[in-house]
Amino acid sequence: MLAFGAVALAFASCEEIVEREIAPKETSGVYFLETNVTSHTFLPDSTVAFDVLVGRVNADKQETVKYTVEDEYGVFVLPDSIVFEKGVTVDTIHVTAPNMTLGMNAELSLAMDMENVSIYGAASVTISVLRDYEWINRGTATFTDPFGLGAASCSVQQAKGTNLFCLRDPYKGLESVLQDYMGSDWTMPTGYSLQFTMDTTNWAVEYLPQVQDIGVSAFSEIVLGIAGLTILYEEAQLGCYHESNGNQYTIVAYLYDGNYYYTPEIYISFVWDEANFPNPDLIIDPAEGDGKLELDLELSDGMGAWYGNLGYTDKYGRPLFSNYYLILCDSIYNDSFAGNQMILDIYATPSEGPASFEGEYTIGSSMEAGNVLAGYKSASGIMGSYIYYAPTKTVLYLSEGTVTVKDETDGSTSIRVAAQNLTGDTINISYKGELQIMDATQTRNMDTKNKSEFVSSFHAASLPTVRKPVINLKPAANIKF
């Protein structure tokens, strides 16, 4: 009986034996503290200097610990080792960078010898250092997003003592729009800018950095379907360009993920506010004249419509669209407009294309759903809604009024424009005819540079029809064009 009990006890003892991993031998146990600041910004009048905190576990003796340094630009000055006195558990590596130039952004990477590293701490650290300019506020700009998200105000800043300018955090003002895609609790991060140098004589853009992250990367994966995007600007290879007309600027660039650029090109535009624009004499009066016209036109041909599929989808898989255009004119002949013509930009929500344009649209300066963009002259030509009256070679930019579109029972579309421009000219346009909706696979973009391309894509571009008479025309003197 006792023997049986002894055997049972032996089995029980065997079951309780647990193999334990031998604890690794602790060395001096150096490591970089988690409290290290990994991003520093220094203004021009500041000395570029900072400390990197290093800790150790065993402090029972004096010890010299070496580490490796990665410094791409060779601007950082620091020792190649740290000396711990006996009893000291935390010490610092003092770093300076006296030769950093203004605007330089450099990274310093430090790594400890793995034989000396604590198993409980970080073996390396990377620190980003920016020697920034002193930025001076120069007013505001209305920034227009190239993906159809809309327009928002941001600050214009100039680097003190230079001709370097920037738009600061251009997408921050579109945060509420982006929350429709990113979620209501999402916030647009700051620290982005669109930088460029300017000719301070005529206030035209001179130069743009080739690659810039202006904030697109913060939402690109969900809104555009491509992660980590920046703006790529390269004139020689890609044909990018920039234009300005007074306080209105246009930049044509591409999206870039570090390896590939994506077509088509994107149009970034902004308008510097008139109150702070350095030379107001360069700003063109959008009314384009001080005359007086009353036009009451019936247009008979050239009706078309276009909407741009951007080629991306939102987080729900729905296609994203840009703005829509309507064109009215008297006639089309040899792929060109003849007589009076009118262009209307109608902006819709960026996630749906129109089955029809029916509805009443208010003419105004905003680019939101349900609005018609007022006319203006941009760096690339005439933009927005206007009428060109051929007999007097007059451009009338619509600034207020309404555009009413109605789908008739016979399948045609009626359009009625009742508008004014900034000088008080009255413009009444009526049209009834066919409305054709096309997408970006049939025509590229619609501006004054490629009207012919737009018109030639109409299926029914043929011989001109008989022009209906212009009535109630009361032109006045001093009409400029």
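Of all residues assigned to segment 191-214, none qualifies as being buried (at least 19 other Cβ atoms within 10 Å of the Cβ) and over 27 Å from LEU238 (Cα atoms). Against the definition (touching an Asp or Glu at 6+ places or on another chain (Cβ under 9 Å), surrounded by fewer than 17 Cβ atoms within 10 Å (Cβ to Cβ) and small (Gly, Ala, Ser)), how does GLY228 come out, yes or no? In short, yes. The single residue among ALA204, ALA218 that is of a type outside the set (Asp, Glu) and more than 16 Å from ASP145 (Cβ to Cβ) turns out to be ALA204. For segment 231-246, the candidate set comprises residues that are more than 16 Å from the chain's Cα centre (by Cα) and closer than 18 Å to ASN259 by Cβ; within that set, the residue that is surrounded by the most Cβ atoms within 10 Å (Cβ to Cβ) is LEU238.
Got a number for residues in segment 42-65 being under 23 Å from ALA97 (Cβ atoms) and touching a Ser or Thr at 6+ places or on another chain (Cβ under 9 Å)? Residues flagged as under 23 Å from ALA97 (Cβ atoms) and touching a Ser or Thr at 6+ places or on another chain (Cβ under 9 Å) within segment 42-65 amount to 9. Of all the numbered requirements in (1) out of contact with any His (no Cβ under 6 Å at 6 or more places or on another chain); (2) of a type in the set (A, V, I, L, M); (3) under 23 Å from SER153 (Cβ atoms), ILE222 misses one, and that requirement is (3). Of the residues screened, GLY87 is not one that is modelled with pLDDT under 90 and at positive phi.
Applying the condition of being touching a residue at least 60 places away in the same chain (Cβ under 8 Å) and among the charged types (D, E, K, R) to segment 247-286 and asking which residue is nearest to LEU232 (Cα to Cα) yields ASP273. Taken together, the residues in segment 352-367 that are modelled with pLDDT under 65 and surrounded by 14 or more Cβ atoms within 10 Å (Cβ to Cβ) amount to 3. Close contacts from segment 233-246, counting a first residue that is modelled with pLDDT of 85 or more and a second that is in a helix (DSSP H, G or I), with Cβ to Cβ under 7 Å and a gap of 6+ residues or different chains, come to TYR241/GLU235.
The values are calculated or read from the model by the stated rules, or taken from the named source; none is laboratory data. Nothing here was measured: the structure is a model prediction, and the numbers come from that model. For neighbour counting, all protein chains shown are included, and Cβ atoms are generated from backbone atoms with ideal geometry for every residue, glycine included.
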